[in-house]
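All of the numbers you see were taken from the coordinates with simple rules; none came from a lab. Quantities reported herein were computed from a predicted structural model and do not represent experimental measurements. A quick note on method: Cβ atoms are made from the backbone with ideal geometry, for glycine too, and the neighbour counts reach across all protein chains shown.
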Amino acid sequence: MRSWGKNGLHLHQLSQGIDEREVEIEDEIKSIGQEETFAEDVIDDEIAKREILSLSTKVGRRLRKEGVRGKTITLKIKYHDFVQITRSLTIGEPTDDGGEITKVCYLLLKKTEVGRRPIRLLGVSVSHLTSSEVKQLAFFLTTQVRRRPSGLIKPWMRSRKSLAKAQSFPAPC
């Protein structure tokens with residue numbers, strides 16, 4: 001223990017499972033998802049699509065309840081032989097909309113063997129979460145920028161840059 005220096009005793013205690021520090025619980029949610037295990041294996045892709053719709057709706061509702069949106073949508077499938085696969089897609093803007101989640105999952109479903117191979121479980125999850133408030137702020141900022149008449153901005157910027165150049169100080173951006 002002495003070869004470990006002044007922290008030697010502490011490290012030895014940790015290696016023995018002795019740690020008097022308070023346990024800190026991480027509150028940050030990393031993903032929100034919902035799964036369904038079927039009582040009997042499902043081969044019909046229409047049943048799978050109905051279940052995806054139900055799961056996506058529940059996930060969207062939970063995202064809104066938590067006040068978050070996500071960019072990565074994941075479809076999880078466990079086949080009858082317990083082989084499990086996931087297919088994911090990262091979308092451009094975060095969402096909490098069950099309909100949008102459903103559409104993405106339907107695209108992902110095409111990259112699986114559902115309908116040709118019996119499935120035991122389906123799951124839908126959304127990750128890479130951000131606060132819904134951030135999306136609202138971005139919407140208002142984007143809306144304000146789009147309202148500006150672009151034809152009036154450019155001549156104003158050109159005249160300001162010309163004036164700045166003539167006065168020999170940097171032009172503002």
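Using Cα pairs under 8 angstrom and six or more residues apart, how large is the relative contact order of the stretch 31-135, in percent?
Computed over the stretch 31-135, the figure is 46 percent.
What ³J(HN,Hα) values, in whole Hz, does the Karplus curve 6.51 cos²θ - 1.76 cosθ + 1.60 give for the stretch 34-39 when θ = phi - 60°, with x put for Gly and Pro?
8, 10, 9, 9, 7, 5
Quote to one decimal, in nm, the extra length available between Thr90 and Lys110 on full extension: 0.36 nm per residue of separation minus the C-alpha distance between them. Please report the intermediate quantities before stating the final value.
Working: separation 20, 0.36 × 20 = 7.20 nm, distance 1.63 nm.
The span from Thr90 to Lys110 would gain 5.6 nm if fully extended.
So if R0 is 22 Å, what FRET efficiency would His80 and Glu35 give, r being the distance between their Cβ atoms, rounded to the nearest 0.05?
Details: r = 16 Å, r/R0 = 0.73.
Taking R0 as 22 Å, the efficiency between His80 and Glu35 is 0.85.
Enter the per residue convex hull volume of the stretch 31-135, computed from alpha-carbon coordinates, in Å³ rounded to the nearest integer.
Measuring per residue, one finds 80 Å³ for the Cα hull of the stretch 31-135.
Which length gain, in nm to one decimal place, applies between Lys65 and Gln16 when the Cα-Cα distance is subtracted from 0.36 nm times their residue separation?
Result: 13.4 nm gained on full extension.
Starting from the Cα-Cα distance between Ile43 and His128, subtract it from 0.36 nm times their residue separation and give me the gain in nm to one decimal.
27.5 nm is the gain from fully extending Ile43 to His128.
What ³J(HN,Hα) values, in whole Hz, does the Karplus curve 6.51 cos²θ - 1.76 cosθ + 1.60 give for the stretch 100-117 when θ = phi - 60°, with x put for Gly and Pro?
Along the stretch 100-117, the couplings run 5, 4, 4, 4, 5, 5, 5, 5, 5, 4, 5, 8, 10, 9, 4, x, 10, 9 Hz.
Per residue of the stretch 71-80, what does 6.51 cos²θ - 1.76 cosθ + 1.60 with θ = phi - 60° give for ³J(HN,Hα)? Whole Hz please, x for Gly and Pro, Karplus curve as stated.
With coefficients 6.51, -1.76 and 1.60, one gets 9, 10, 10, 10, 9, 10, 9, 10, 7, 4 Hz.
What size of dipole, in debye to the nearest 20, comes out for the stretch 31-135 about its Cα centre when the only charges are +1 on Lys and Arg C-beta atoms and -1 on Asp and Glu C-beta atoms?
Computed about the Cα centre, the dipole is about 260 debye.
Kindly provide the chymotrypsin sites (Phe, Trp or Tyr not before Pro) of the stretch 28-120 that DSSP labels as loop, not H, G, I, E or B, and whose Cβ sees at most 14 other Cβ atoms within 10 Å.
Answer by residue number: Phe82.
If eta is 0.890 mPa s and T is 25 °C, what Stokes-Einstein diffusion coefficient results for the stretch 59-102, Kirkwood Rh from Cα pairs, in µm²/s?
My calculation gives 213 µm²/s for D.
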